[in-house]
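A.B. asks: Take this structure, written in structure tokens, and hold onto it; I'll ask about it next.
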Ligand SMILES: [Zn+2]
């Protein structure tokens, strides 16, 4: 009730329907707008009689006409007596509780992000493989993960399953990807770009799960990978090539084909509102369940934007807006398979 006290009033009938006024309790009458109302003894069970002591301020009295015509000599009205002090105390208590909970939650996340072991990731010096479908996926969706893993002293490798040749720009996009990786701290020897007609950059073509899985497993074994990072079942943007990667890694995981000690993280897809409005997504991400959360500092965000700007061929107006507003340029939440 937060200090709100209800009590009954009887007042001379004046023909008024409803109204509001301010006043205070004086003896057994309520003074309101120069009119005295008799205070009935009934008091809300939440308030206690103490709330109706002489001098108690009330900020609003609502008159409500309850009886049908002919009007009675008296109307019964309900009054709400606000006790500002109690409300403030109640609000402060709620605010303190929420802030404390939020603080503990953020501190817990910060502790988990401080070291790979606490985040459930392989230790420093481990080898993480980012698996993407197209050049620009690494900057547009995974920049927080790449920079976060680097912060945890992981060695990051990248495997891109196509050159992004949908508009016959494959050669240009291959170079853009290498530049972007350089900005993100992935050296050229750690970058592999597959140019294979079996894996075309085309949302209308379903990549064969087994072929993708075999290619991926080969790469994992050759590079002695401890951690694989890729899209989740919804592929963030829903692109079928992204989802094909998830299906392949899911198959390797469920069939027990991954090397011992090699874990898999998938990037959580979020709804459109969260995806494009990072400032709305921030509290949501902090409070939502996930295994690993990477959040970039402002300096790292600038680096992510610089990586994305390497993809000149892709910088159409809507992608420029995406760079400014999307949560994926700042926040990655991931879950282990
Ligand atoms: Zn893509």
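A.B. asks: Enumerate the residues in segment 217-242 having an amide nitrogen under 16 Å from the point lying 7 Å beyond the Cα of residue 272 toward its Cβ.
C.D. replies: 236-239
A.B. asks: If we sort 190-203, 158-171 on the protection proxy, mean other Cβ atoms within 10 Å, highest first, what's the order? It would help to have the intermediate numbers written out before the result.
C.D. replies: Values: 190-203: 15.6, 158-171: 19.3.
The packing order, highest mean first, is 158-171, 190-203.
A.B. asks: Okay, next question. Given 0.36 nm per residue, what is the gain on full extension from residue 175 to residue 221 after removing their alpha carbon distance, in nm?
C.D. replies: In short, 14.0 nm is gained.
A.B. asks: Within 10 Å, count the other beta carbons around each residue, average over each peptide in 217-223, 317-323, and list them highest first.
C.D. replies: On the way: 217-223: 15.3, 317-323: 12.1.
Ranked from most to least packed, the peptides come out as 217-223, 317-323.
A.B. asks: Right, another one. What FRET efficiency would be calculated for the residue pair residue 210, residue 324, taking the C-beta separation as r and a Förster radius of 45 Å, to the nearest 0.05? Please list the in-between numbers first.
C.D. replies: Values: r = 40 Å, r/R0 = 0.89.
Working from the Cβ atoms, E equals 0.65.
A.B. asks: Distance between the C-alpha centers of segment 302-337 and segment 227-261? Whole Å please.
C.D. replies: 21 Å
A.B. asks: Taking 0.36 nm per residue of sequence separation and subtracting the Cα-Cα distance, how much length would be gained by fully extending the chain between residue 313 and residue 153, in nm to one decimal?
C.D. replies: Details: separation 160, 0.36 × 160 = 57.60 nm, distance 3.15 nm.
Full extension from residue 313 to residue 153 adds 54.4 nm.
A.B. asks: Moving on to the next point. Between residue 167 and residue 286, how many nm apart are label points set 7 Å from Cα along the C-beta direction?
C.D. replies: In this crude label model, residue 167 to residue 286 measures out at 3.9 nm.
A.B. asks: Would you mind classifying segment 115-336 by shape? Square roots of the alpha carbon gyration tensor eigenvalues, ordered a ≥ b ≥ c; an a/c under 1.5 is rounded, otherwise it is prolate if a/b is larger than b/c and oblate if not.
C.D. replies: rounded
A.B. asks: Separate question: Using the 10 angstrom Cβ neighbour count as an exposure proxy, how do 227, 287, 293, 315 rank, fewest first?
C.D. replies: 287, 315, 293, 227
Coordinate-derived values only; no laboratory data. Source: prediction; values computed, not measured. Virtual Cβ from ideal backbone geometry, glycine too; neighbours counted across all protein chains shown.
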